[in-house]
Amino acid sequence: MKPTEKQFNKNISQLVKLTRNSQRPSLIFTVTLINDALQELQDHRTKAHKEGLVTLQKKTLLCAIAALVLILISINLVSKRTSHHQEPIDQQSTLARGKLVPLAINLPKPVFAGTPANLSAIPNLETPLGTRRPAFLSPEGTTNVALGKPVISSSGEPLMGNLAMITDGNKEAAEDNSIVLRPDATCSSVTIDLEDPHTVYAILFWHDHKTGRVFNDVIVQISNDPDFIEGVKTLFNNDHDNTSGFGMGMDKNYLDTYEGKLVDAKGQQTRYVRLCCQGNNLNGMNRYLEVEVYGKPIPKLKTFKHRSTPMPPQSF
């Protein structure tokens with residue numbers, strides 16, 4: 001048997017063994033097998049006049065069978081990859097969230113059109129998607145648990161509007177719907193008290209989507225401490241030079257639009273949500289239009305009172 005025929009038969013044997021194995025063939029093996037089959041066919045064409053028509057037909061049939069087996073295996077592998085492929089998922093997070101469904105978000109009407117000015121000087125600015133934001137998945141029954149909840153500010157009472165407007169559900173881009181905070185030396189913050197601990201999956205907020213602005217040093221934190229001294233977790237921070245004093249952030253600056261900024265809270269438990277910013281690319285004013293916190297209340301443990309049963313009288 002010639003060397004090329006030995007190699008070809010060896011590949012066929014490997015292929016037959018492979019069909020009885022649950023392991024997928026490697027890319028190198030598949031490519032090698034195809035190349036060998038094609039080379040063998042080419043050799044047959046050039047040697048037809050030496051080996052005779054009958055021998056050529058036999059070898060051509062053998063190659064055709066090998067190619068057919070290879071095609072069937074490839075179709076099967078592609079089918080398996082298509083049906084079983086999924087992005088890596090944190091199993092504990094999935095079990096905690098339960099069945100995931102698209103989060104129902106009521107967006108305001110878009111009012112800004114065109115390209116905002118003064119964006120070329122903004123560092124680390126994310127590129128707009130150009131389409132609607134992909135649906136955010138959360139457990140069934142997830143709602144805006146911040147609606148109507150109390151809000152406090154590090155800047156005291158706003159220069160315009162009142163703090164209750166941040167959680168009143170109105171996020172339309174009207175001048176009288178937003179509040180303006182007094183500028184702070186570091187960062188103006190608003191803190192929402194959910195009043196009870198909640199499992200939080202997403203935080204969605206709007207600063208001002210009427211004029212297409214980029215707000216500076218946007219920071220989102222959660223904690224069970226109302227003073228944010230202990231147990232503070234930062235979910236978003238684009239303060240790249242730590243001018244606000246909460247640490248250097250790695251997130252990108254973004255253009256405020258009618259879709260708002262959605263931050264994944266990853267199912268963490270918290271009672272308080274704090275948002276900070278420090279002016280915008282047009283002026284030093286800190287505006288807030290609406291903040292929504294999507295989550296579920298944490299079930300409270302039932303307490304049972306111990307009732308003492310009087311002992312029956314004993315007779316002696």
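Rule-based calculations on the coordinates, nothing more; no lab input. As the structure is a prediction and not an experimental result, all values here were calculated from the model. Please note: Cβ atoms are built from the backbone with ideal geometry, for glycine as well, and neighbour counts cover all protein chains shown.
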### Task
Treat the count of other C-beta atoms within 10 Å as a stand-in for reagent exposure and order D184, D239 from fewest to most.
D184, D239
### Query
Suppose R0 equals 35 Å; then what is the FRET efficiency for T211 and K300 from their Cβ-Cβ distance, rounded to the nearest 0.05?
0.20
### Formal net charge of residues neighbouring S188 (Cβ-Cβ distance under 14 Å; K, R +1; D, E -1)
-2
### Task
Using Cα centres only, tell me the gap between segment 262-290 and segment 174-249 in whole Å.
3
### Y258, Y294, Y288 arranged by Cβ crowding within 10 Å, fewest neighbours leading
Y258, Y294, Y288
### Query
In nm, to one decimal, how far is the modelled label at R132 from the one at N283, with both set 7 Å along Cα→Cβ?
3.4
### Query
How much length is gained on full extension from L100 to E195, taking 0.36 nm per residue of separation minus their Cα-Cα distance?
31.6 nm
### Query
Where does the charge balance sit around G249 when Lys and Arg score +1, Asp and Glu -1, over other residues with C-beta under 11 Å from its C-beta?
-3
#### Entry: Using θ = phi - 60° and Karplus 6.51 cos²θ - 1.76 cosθ + 1.60, couplings along segment 140-150 (whole Hz; Gly, Pro as x)
4, x, 6, 9, 7, 7, 8, 4, x, 7, x
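Nearest 20 debye, what's the magnitude of the dipole of segment 93-297 about its Cα centre given +1 on Lys and Arg Cβ and -1 on Asp and Glu Cβ? Numbers along the way, then the final one.
Values: 18 positive and 24 negative charges, 127 e Å.
The calculated dipole for segment 93-297 is roughly 620 debye.
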### Message
Need the full-extension length gain, I152 to M250, defined as separation in residues times 0.36 nm minus the C-alpha distance. One decimal, nm.
### Response
32.6 nm
### Amide H contacts under 5 Å for F236, placed H, 5+ residues apart
V220
### Query
If we count other beta carbons within 10 Å of each Cβ, what is the order of M160, M165, M248, fewest first?
M248, M160, M165
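Determine the gain in length on full extension of the stretch N170-K233; use 0.36 nm per residue of separation and subtract their C-alpha separation, reporting nm with one decimal. Please report the intermediate quantities before stating the final value.
Details: separation 63, 0.36 × 63 = 22.68 nm, distance 2.75 nm.
Between N170 and K233, full extension yields 19.9 nm more.
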